[in-house]
Amino acid sequence: MSTKIFVPIDSTALALGADKVAKAIADEAAQRGADVQIVRNGSRGMAWLEPLVEVETEHGRIAYGPVRAKDVTELFDHDFLQGKHHRLCHGLTEHIPFFAGQERLTFARVGLTDPLCLDDYAARGGWEGLNRAAALSAADIVKQVTDSGLRGRGGAAFPTGIKWNTVLGAQAAQKYIVCNADEGDSGTFSDRMLMEGDPYVLIEGMAIAGLAVGATQGYIYLRSEYPHAFKTLKAAIGKARAAGFLGRDADHSGRNFELEVRLGAGAYICGEETALLESLEGKRGVVRAKPPLPALKGLFGQPTVVNNVMTLASVPIIMAKGAAFYRDYGMGRSHGTLPFQLAGNLRHTGLVEKAFGLTLRELLYDYGGGSASGRPIRAVQVGGPLGAYVPESQFDTPLDYESFAAMGAMVGHGGIVAFDDMVDMAAQARYAMEFCAAESCGKCTPCRIGSTRGTEVIDRIIAGEERPRNVALLKSLCDTMTAGSLCAHGGMTPFPVLSALRHFPGDFGIADTDSQAA
Ligand SMILES: Cc1cc2nc3c(=O)[nH]c(=O)nc-3n(C[C@H](O)[C@H](O)[C@H](O)COP(=O)(O)O)c2cc1C
Ligand code: SF4
């Protein structure tokens, strides 16, 4: 019987030489007459161990990593096909502490299967949610999603069921499901990992959304920087259509649902839902004023569900296991799990799916293993480039939407970027303003002009010019941006800027009391 060897096909592993490793294993096995079957799986999410090679044994899958092509001969010499010990061996993958403590619902299959194998998908619970949805009325599907407590994972955490209900209630000949796969936030990669590692769960979620609101066409708006995800999604959509899960009479529901992938051209603002819709319509990505909401007047002026990849990929398990199952995870009004993405200066970077409610400290130290540099972690930016910098004194705050909002921060898409005590927080604040200026769509003045003036004011503070006056000016400018910007790009840039100033005044050359006044 052949031995199954798993070598990830995820971008992270590919960037670290996974293709060469797979070839080296195939060549070595052929030379030794060993009977092996190489499966290209998604990533298990332990980025520091990539390429993580797993060997299937009678006890389970044994992990070896990070494996380079030059290690392969030695691995064979050490009988890794039998799961024997080697310096790169980590034992059973499921027992690696980073992995063992996770609660994988959305990522349940990622890393276990060949992403494009329909049999693997079905064998591990795939299509159960769609099958259940196909037997329900549209209103009952929306009710399940509402009762699950699912909130949008793209950043704003808006209740998904309420959005779907608005689209369901809208009268129109054509409605759309748009998946926001722009994933522009710094330090985030969960959307990519899922699309590369388990594309059918996204397809299934979108098909369920189509049944729920009466939409017959879906689009995945994907950032062009994700070529592997693009290839995988295209192939998966083709296979799902051929197998009857998409198209006319999708999954024998008697209803039609078609799906296409569209590539963006690389602008942060095209992740904002209305700019995304403009871009999808072939125009420049400029934010639209709301109202009208996209739910009522979205793509081509028609009622449209716009949801993040994680939101849509969470729906199949909700439909398969019921709203109560999902709702029981989490805390407060943050139900379910969130795939947190650990990045920056950490020993163990990667993806940790956990129920809401664990603390940042647990993520940074129990999972992340502390800083990679070995120095104290000083600040963490949570929720992408518009997220606040969280100081060490707040690391014990539970990660749920309300607790983070209460301290002027946000969970957002779950990106966690850690910095050690060598970070210059004034430079980080300046970077936030500069980023805002570079990525502004230009439609409104507080953001277009304010971000450029803001960069200049921070420069003056750093240079020591009239610090008290310039700090007050920066605060006033941030007030204007918060209150007067048309969208959260300009409206939330003050979060990283002011949190840096508030928590790390010394980096701006000002005393603590001056920063409080600010
Ligand atoms: C500047 C900006 C960038 C955004 N980028 C993304 C993104 O890359 N991906 C995403 O899903 N949502 C992004 N959003 C949020 C979307 O506007 C929208 O709230 C989301 O797609 C709705 O889906 P959800 O309810 O499932 O979260 C961004 C918002 C802003 C203001
Ligand atoms: S805040 Fe910035 S990105 Fe948003 S609409 Fe205004 S100019 Fe455009």
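The values are calculated or read from the model by the stated rules, or taken from the named source; none is laboratory data. Keep in mind it's a predicted model, so treat the numbers as computed, not measured. Here Cβ is always computed from backbone atoms with ideal geometry, including for glycine, and neighbour counts include all displayed protein chains. What goes into the accessible areas is simple: the full protein's heavy atoms, side chains included, and nothing from ligands, DNA or RNA. Shrake-Rupley method; radii C 1.70, N 1.55, O 1.52, S 1.80 Å.
Side notes on the structure shown:
- Verdict on Ile510 being more than 16 Å from ligand 2 (Cβ to nearest atom), assigned by TED's automatic domain parsing to the domain that holds Ala343 and open to solvent by less than 40 Å² (accessible area, probe 1.4 Å): no
- Considering the conditions (1) open to solvent by 10 Å² or more (accessible area, probe 1.4 Å); (2) assigned to a loop (DSSP other than H, G, I, E, B); (3) in contact (Cβ under 8 Å) with a residue 40 or more places away in the chain, Asp396 is excluded by exactly one of them, (3).
- Taking the criterion of being open to solvent by 60 Å² or more (accessible area, probe 1.4 Å) and in contact (Cβ under 8 Å) with a residue 40 or more places away in the chain, the only residue of region 71-83 that qualifies is Thr73.
- Qualifying positions in region 335-362 - more than 20 Å from Val390 (Cα to Cα) and hydroxyl-bearing (Ser, Thr, Tyr): Thr337
- Subset of region 195-223 [open to solvent by 10 Å² or more (accessible area, probe 1.4 Å) and either at negative phi or aromatic (Phe, Trp, Tyr) (or both)]: Leu211, Thr216, Gln217, Tyr219, Arg223
- Some residue of region 87-96 being without any contact (Cβ under 8 Å) to a residue 12 or more places away in the chain and surrounded by fewer than 18 Cβ atoms within 10 Å (Cβ to Cβ): yes
- Hey, Arg61 under 28 Å from Ala372 (Cβ atoms), open to solvent by 10 Å² or more (accessible area, probe 1.4 Å), outside the structural domain of Phe340 (by TED's automatic domain parsing) and in a strand (DSSP E or B) or not: yes
- For region 439-475, a residue qualifies if it is open to solvent by less than 70 Å² (accessible area, probe 1.4 Å) and either polar (S, T, N, Q) or not assigned by TED's automatic domain parsing to the domain that holds Ile510 (or both), and the qualifying residues are Ser440, Ser451, Thr452, Thr455, Asn470.
- One residue stands out among those in region 284-294 that are of a type in the set (A, V, I, L, M, F, W, C) and open to solvent by 10 Å² or more (accessible area, probe 1.4 Å): the one that is farthest from ligand 2 (Cβ to nearest atom), which is Leu293.
- Selection status of Thr455, within 17 Å of Met425 (Cα to Cα), more than 16 Å from ligand 1 (Cβ to nearest atom) and of a type in the set (Ser, Thr, Tyr): yes
- Matching residues, region 399-453, being aromatic (Phe, Trp, Tyr), more than 16 Å from ligand 2 (Cβ to nearest atom) and in a helix (DSSP H, G or I): Tyr401, Phe404, Tyr431
- Once region 482-495 is narrowed to residues that are within 8 Å of ligand 2 (Cβ to nearest atom) and of a type in the set (A, V, I, L, M, F, W, C), the residue that is nearest to Met410 (Cα to Cα) is Ala488.
- Taking (1) within 18 Å of the chain's Cα centre (by Cα); (2) open to solvent by 20 Å² or more (accessible area, probe 1.4 Å) in turn, Thr359 satisfies each apart from (1).
- When restricted to residues that are within 23 Å of Asp191 (Cβ to Cβ) and either outside the structural domain of Gly412 (by TED's automatic domain parsing) or of a type outside the set (Asp, Glu) (or both), region 346-370 contains 16.
- Restricting region 118-164 to residues that are open to solvent by 60 Å² or more (accessible area, probe 1.4 Å) and within 16 Å of ligand 1 (Cβ to nearest atom) leaves a set whose member that is nearest to Ala323 (Cα to Cα) is Thr146.
- Pro51 meets the conditions (1) open to solvent by 20 Å² or more (accessible area, probe 1.4 Å); (2) under 28 Å from Thr232 (Cα atoms); (3) not in a helix (DSSP H, G or I) in every case but one. The failed one is (1).
- Qualifying residue in region 420-438 (condition: closer than 21 Å to Cys487 by Cβ, touching a Phe, Trp or Tyr at 6+ places or on another chain (Cβ under 6 Å) and either in contact (Cβ under 8 Å) with a residue 40 or more places away in the chain or buried (at least 23 other Cβ atoms within 10 Å of the Cβ) (or both)): no
- If you check Val53, Val7, Val36 for being farther than 26 Å from Leu346 by Cβ and either of a type in the set (Phe, Trp, Tyr) or outside the structural domain of Pro199 (by TED's automatic domain parsing) (or both), only one passes: Val36.
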